[in-house]
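A short worksheet on the structure shown next.
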């Protein structure tokens, strides 16, 4: 699905971590240059340390990645605002 963030269009998708190698190491990510946001939609539910409230975790990760995209546009135009 396409998401418009302050006029910049991102491709957003929720995928199983097996379908995207980057999701094997995180719950979600934002690629500022390719304009994509990916969120793991299974969060390794069978893992012994798994979170019990998956819908809340998914909302948190989705919000987190959207904030990354928003801040990249607003904050200096850089993926991470630092000492550049």
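Taking Cα pairs under 8 Å and at least six residues apart, what relative contact order does segment 2-74 come out at, in percent? Before the final figure, lay out each step's value.
Numbers: 90 pairs, mean separation 21.3, N = 73.
Relative contact order comes out at 29 percent.
Put a dot 7 Å past each Cα toward the Cβ at residue 73 and residue 42; how far apart are the dots in nm?
Once both label points are built, they end up 3.2 nm from each other.
Say R0 is 30 Å: what FRET efficiency, to the nearest 0.05, do residue 9 and residue 60 get from their beta-carbon distance?
The pair residue 9/residue 60 has a calculated efficiency of 0.80.
Since every read-out is calculated from the coordinates, none of them should be taken as a lab result. Computed from a prediction, not measured in an experiment: that's the story for all the values here. Positions of Cβ are generated from backbone atoms using ideal geometry, with glycine treated the same way; all protein chains shown enter the neighbour counts.
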